[in-house]
Every structure is written in structure tokens, then in C-alpha cells.
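The values are calculated or read from the model by the stated rules, or taken from the named source; none is laboratory data. Note that the structure is predicted; figures quoted are calculated from it, not measured. Glycine also receives a Cβ, built like all others from the backbone with ideal geometry; neighbour counts cover every protein chain displayed. Remember, those area values only see protein heavy atoms, side chains included, never the ligands or the DNA or RNA. Shrake-Rupley method; radii C 1.70, N 1.55, O 1.52, S 1.80 Å.
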Amino acid sequence: MSSLQCLRRVHLEIHRPELAHWSKQTEAAFALGHDVGDIAVRLYGRGEGSYIEYAGGGLGPALQQTRALMTSMARGPIFEATLQHDGVLVREDVLLPMVSEGRDSWRIVEVKASTRVKPEHVHDCAVQAWVHLQSGYPLSGIALAHIDNTFVYGGDGDYGGLLFENDLSEQVFDLLPAVPVWVEQAREAIAGPLPQVSVGAHCTKPYACPFLQVCWPVRGEDGVQYPVSGLGGDKKKLGTWVMRGLRDIRDVPASEITAESQQRIHRVTREGRAELLPGARAFVEQLPYPRFYLDFETIGPAIPIWAGTRPYQALAFQWSCHIERAPSLLDHAEFLDLSGKPPMRDLAEALIRALESDGPVLMYTSYERSVIEGLAALYPDLAAPLEALVERLVDLYPVTRTHYYHPDMLGSWSIKAVLPTIAPDMDYATLEDIHEGTEASAAYLEAIQPSTSPERKEALRGSLLNYCRHDTEAMVRLVRFFAQS
């Protein structure tokens, strides 16, 4: 992370809301606010310590409360300690009282939801350490705690071992002299005109810049219909074209495009009409009946909520399947359990029954394969029938990518990019409430909370069923489009 990006992150950091209470184990397991920060409070506080509120009281009270606690004789852990120096504000996730060289000191633990230490994390910690020291408080060390994705939850509310701590003190202290330089660079950037910086790969690494639409061409602006970013590929090369004023795909000289996929996108876009090759129809014609169109929805919470599961493990909670027994003869089956209990086994058993014993199981990308294989690993006694399903899987994505492209797809072969070009009436933008997978995961987690009202739960059920059904109907429409070409 550059110094400017690092300071931007400090200034723009979104602080989590008021801590959820941990009085009931079930509430703790299913609360939407059950995040990594809350777990850090439990593990490092062990029922003690002070949490500095920010959203309610604002900056002033947070600074005052932090100062009072850090200068108090009654020393204890402080969570979200709020410090400011020379216009730079930090919120320290965990601040632990220590004794170093015979005197009182502090130790910072920055908590991340990632599964490893990233280079930008070290810069983040350096800024925090600098503000801490410049505020007049001693600092014995600083560490970064991240998720250990090998941790297996026992289901008993004990998350000891979930966080793996890395001591970054040596690296951070070596960076401290550079922090004032970063601060000055940030001031100059804020005070001056919009920096004239070439666009490129750095625009999205390590995080997407919030000014992407300012610097990169956007559809509908300045006559751009097909932004050059739609060519995909190396962002450094794309950035070079943008800086030369080549903002639309059609502006780029064909002689400068060497990648085969970019050549195809460029050619079809300049021709102004979709390309559909005969192989798509040939592929569909060899598919026997019955045909099963399958889609899963999954969650992968950082904090496991069910016994025997790991952080970020993809866990299926829903599926939809359109069953085409003959041309235009469709059935539909689906599964969704909002009881809050682990849904995976019931989901797997229902899936085995619904997909019967014969016929291709169509999917879009290989995600369904990984989900079924994950279910087989969870339930060895179901492994044989689940592995039999894996053998029947047929992926529509590579077929689509090889044989079809429309200029409006802007370099993407995702089902959400393809569908509006073949079935405008099924555009995902027309759906209510849930439009993509992360929204579906959030809706499910909300629905299984004990505090969710029955009315809200039923509304979420309807939205989830509608969204997942839309996914499988989209594949039906895609196959019919290929067949009629």
C-alpha cells in the first residue's frame, strides 16, 4: 500500500457498530454483528476492559474517554482506543496494558479478518504506532492478529485459537521515520489539485481506488459506449491506452492488441453485433434428457457458526434446480432451510433425491462442483451418491466463453453479463432485494437470527427463493438461445 493509500484508509475506516451482547450463546452465534472484532473483544478482554464508542458520541468524547482510561491508575484492556496526532486519527483495535523495562507501557494488537499478514497491514500498523507514540504514550510492541483458517469450531461458544497473532514490532519500528513523510504527502495531495497520476494496475491493488470512475473511462460519459477496460487483461497496458486518450474499445488500434481474447472482444465490438458460433448449438444438441439446471447459494462466515466448520468454509444453505424432461417441459425443485440449524446434510440428501440417477447436471462455472465435493467431505456416508452427481456435471461457462460474445458484455462472461444480451426481460437488475450472491448470503444470515421477525423472515425467504430460481432459469434460457441459433 502506498503511503497516501495507507493514510486514506486510516481516515476513511468504517468503524463497526455497537458491540452485540454475548449473554446468550445462540444470539452470539447468529447475530449479524458477530464479526472478528467482537471475537477479539471476547478473547483479549475475557470479560474485562473498556470499549470506546464512536458512532454515538463522536470524535471528541472518544478521544477524551481514551485519554482518561490510558492515564488512569486502574489499567485494563481498551478496545478501539481513539488517538489523534497532527491531523491523523487512528482507532486501535486492541490496546493492552504492559510493563516494559520496569515501567508501564502499552501493546497494540491490530485485528484483521484476513487469513495472513499482507504488506499493507504493516504500513497500517506503522501509522497506528506513530500516532500512539506521538500522543505521548509508551509502546512496547505491536502485533497483527488474523484469522487462522485451520481452526475448527467446536460449537460450544469457545473461539480460542481462532486468531493467530504475528509480532510486527521490528518491522513497524523500522518504518516509523517514514510516517511523517507519508503524512506530508497526504497533506499535499489533499490541498493541491487532483494528482496527475497514470492509471494502471495500482488502481485496484491492494484495494480498488474510490476514484476509479474519475480516472478510468465510464460508459455513457464523453461519448464512451464500450470503455477500454472492457478488453480485460493487463491493467498496466490498459492504463497506457487510457493515458493516450484511447477511452473506448473501438479507439484502440487492432495492431496493438496481441492477446487472443482481447482481439476477439475488439473485433466483435467494432463490428457492432453479437458473435454466436455454430459449436454452441452442436453442444446443446448432444445433451440428453432429462437435463438438470443447478445453482447453489452459500455462506462463508469468517466466524464459524456451526460445530465442525472452519472460517470462510463455503457452506451451502440453498439450491434451485430446473428440470427439463423434454423440450419446453419444465419442473422445478428447490431447498431452503431458515431454521438456523446446520442445513448442509438435509440439503445434500434433498439434492440427491431431486437429481435422480441419470441426466446431465448443468452449472455455470465450476463452483457447484466444489460445493458438492465439500458436502461429500462433510458427510462421508453420502460421498458415493454425491460423487456420482459430480460425474454428471456439465459446465456451461466454457461453452459460452468459446462460442458467444456480445459487445454489451464488456469483456465479462459472467451469467449476469450474458443474460441481458440474450433475454433482456431477465436482467438481474430487475430483481428486488437480492441481486447477487453476497446479498443472498447476508439475507440468509439475517433470516436465521432469532431476533428476526416472522414477517421479515418470510420476506427474506421469498427473495432468496426468487433469486436462486432466477439463476437456474437463466441457464435454461441460455441453453434455449444456443439451441435456436
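Taken over region 136-155, the residue count meeting the criterion of being modelled with pLDDT of 95 or more, open to solvent by less than 40 Å² (accessible area, probe 1.4 Å) and farther than 13 Å from GLU165 by Cα is 5.
Checking the stated criteria, ASP167 turns out not to satisfy the condition of being surrounded by fewer than 15 Cβ atoms within 10 Å (Cβ to Cβ), out of contact with any strand residue (DSSP E or B) (no Cβ under 8 Å at 6 or more places or on another chain), among the charged types (D, E, K, R) and on the phi < 0 side of the Ramachandran plot.
Applying a threshold of 9 Å to beta carbon distances and a minimum spacing of six or more residues, or different chains, the list of pairs starting in region 236-254 at a residue that is farther than 14 Å from CYS215 by Cα and at pLDDT 95 or above and ending at one that is part of a helix (DSSP H, G or I) and open to solvent by 70 Å² or more (accessible area, probe 1.4 Å) reads ILE249/ARG270; ARG250/ARG270; ALA254/GLN263; ALA254/ARG267; ALA254/ARG270. Out of region 198-209, which residues are open to solvent by 90 Å² or more (accessible area, probe 1.4 Å) and free of Cβ contacts under 8 Å to residues at least 40 places away in the same chain? LYS205, the sole residue that qualifies. Regarding region 180-194, can at least one residue be identified that is at pLDDT 90 or above, closer than 17 Å to PRO119 by Cβ and open to solvent by less than 90 Å² (accessible area, probe 1.4 Å)? For region 180-194, residues at pLDDT 90 or above, closer than 17 Å to PRO119 by Cβ and open to solvent by less than 90 Å² (accessible area, probe 1.4 Å): present. In region 83-117, of all residues being over 23 Å from LEU162 (Cβ atoms) and acidic (Asp, Glu), the one that is most open to solvent (accessible area, probe 1.4 Å) corresponds to GLU101. Taking every residue in region 358-371 that is closer than 21 Å to GLN313 by Cα and pairing it with any residue that is assigned to a loop (DSSP other than H, G, I, E, B) and open to solvent by 10 Å² or more (accessible area, probe 1.4 Å), at least 6 positions away or on another chain, the pairs with Cβ-Cβ distances below 8 Å are SER370/ALA314; VAL371/ALA314. Of the candidates GLY56, GLY47, the single residue that is surrounded by fewer than 19 Cβ atoms within 10 Å (Cβ to Cβ), at pLDDT 85 or above and part of a loop (DSSP other than H, G, I, E, B) is GLY47. Out of LEU329, LEU347, LEU338, LEU276, report the one residue that is hydrophobic (A, V, I, L, M, F, W, C) and exposed (fewer than 14 other Cβ atoms within 10 Å of the Cβ). The conditions single out LEU329.
Considered as a group, the residues in region 279-314 that are under 16 Å from LEU375 (Cα atoms) and in contact with a Ser or Thr (Cβ under 6 Å, 6 or more places away or on another chain) include one that is most open to solvent (accessible area, probe 1.4 Å), and that residue is ALA314. Condition check for LEU396 on (1) under 25 Å from the mean Cα position of the chain (by Cα); (2) open to solvent by 40 Å² or more (accessible area, probe 1.4 Å): one failure, at (2).
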